[in-house]
Amino acid sequence: MTKSTNNDLDHAHKLTRRDFLKLLRTGAIDLGLLAIGAAAWGFLIEPDRVSVETVPVKLSRLTPAFFGIRIAQISDIHMGGWMNTERLQHVIELITKQKPDILLLTGDFLLGHEFNSVTETNLQELIDVLSPLTRTIPSFGILGNHDYWTDANAVREMLKACSITELSNSVFSLSRGSEVLHLCGVDDIWEGAARLDEVTRQLTDDSAAILLAHEPDFADVSASTNRFDLQVSGHSHGGQIVIPLIGPPVLPHLGRKYPAGLYQVGNMYQYTNRGVGMARLPVRFNCPPEITLFVLDGS
């Protein structure tokens, strides 16, 4: 039996330069494969994995006639670019399966900064895909900043063609017997078109009120009125890329304080939908597209 010496053991545990370089190469390959895998997921897989988020919300002013009402929300379709009729049709089919009582659409139907023949085609595609659903259940919408940057009037005409009631600086009151739920909306905040005082003047009783506001950070303003029970928004896309333990590295103006999910702002809930479409960079990571289904109850 051969006896090992201390020198032999020291040599066995030494990391040679060749071994070190081999480890570096292996690590670099692993990191490269991980980066390729993450990129493939972000560009090719996650953008199509639409998540249906069911959000139970208790509203203190909601009356029993509206307990259990199911309200679907989508936002930031951004038709054109990555979003096409096939993908939007999939979204509509998922909404239909949820059997909502109401559909809310919180702006940015288009993507771009100009109106042209492509935009006209995108608007017709929106009409063709949305109409079968929006003409069968009560549907309400507002405009977003991209709609203004493209052509706000053309988007308004599209909403009319889809039988979507526009709620820009207005109120629509749902009635069940003597009980009321107010659906309210402001025009785009970024464009300086929101007129919240006009909305509050139209609320003539103390019934529960839901506010549609494209940019979520408007919640600080709307909550200060103590008149709204829930604000629903979009705009941020949730950041599209969310780094674990860090969060989204890039968020838009007016979408940085409440970028995704449910928040308590004063006496009001704020919910930010991650959107179903994307900005010009068609990538999502740890931030899948979203359909929200609110199920309302009294507190």
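The values are calculated or read from the model by the stated rules, or taken from the named source; none is laboratory data. Quick caveat, the model's predicted, so the values are computed rather than measured. So basically every Cβ, Gly included, is an ideal-geometry build from the backbone, and we count neighbours across all protein chains shown. Just the protein is used for accessible areas: all its heavy atoms, side chains included, with ligands, DNA and RNA removed. Shrake-Rupley method; radii C 1.70, N 1.55, O 1.52, S 1.80 Å.
For residue 184, the conditions (1) without any contact (Cβ under 8 Å) to a residue 60 or more places away in the chain; (2) out of contact with any strand residue (DSSP E or B) (no Cβ under 9 Å at 6 or more places or on another chain); (3) surrounded by 23 or more Cβ atoms within 10 Å (Cβ to Cβ) are fulfilled apart from (2).
For segment 108-148, the set of residues classified as open to solvent by 20 Å² or more (accessible area, probe 1.4 Å) and either among the β-branched types (Val, Ile, Thr) or under 19 Å from the mean Cα position of the chain (by Cα) (or both) consists of 111, 118, 121, 127, 136, 137, 146, 148, listed by residue number.
What are the residues in segment 262-299 that are of a type in the set (D, E, K, R), closer than 20 Å to residue 244 by Cβ and assigned to a strand (DSSP E or B), if any? 290, the sole residue that qualifies. Scanning segment 66-76 for residues that are more than 15 Å from the chain's Cα centre (by Cα) and under 15 Å from residue 229 (Cβ atoms) turns up 66, 67, 69.
For segment 236-259, a tally of residues being open to solvent by 10 Å² or more (accessible area, probe 1.4 Å) and within 20 Å of residue 109 (Cβ to Cβ) returns 5. Close contacts from segment 249-260, counting a first residue that is part of a loop (DSSP other than H, G, I, E, B) and a second that is of a type in the set (Lys, Arg), with Cβ to Cβ under 8 Å and a gap of 6+ residues or different chains, come to 260/274. So is residue 151 of a type outside the set (Ser, Thr, Tyr), modelled with pLDDT of 95 or more and open to solvent by 30 Å² or more (accessible area, probe 1.4 Å) or not? Taking the combined requirement at face value, the residue satisfies it. Restricting 197, 217 to residues that are among the acidic types (Asp, Glu), open to solvent by 70 Å² or more (accessible area, probe 1.4 Å), free of Cβ contacts under 8 Å to residues at least 60 places away in the same chain and outside any loop (DSSP other than H, G, I, E, B) narrows the list to 197.
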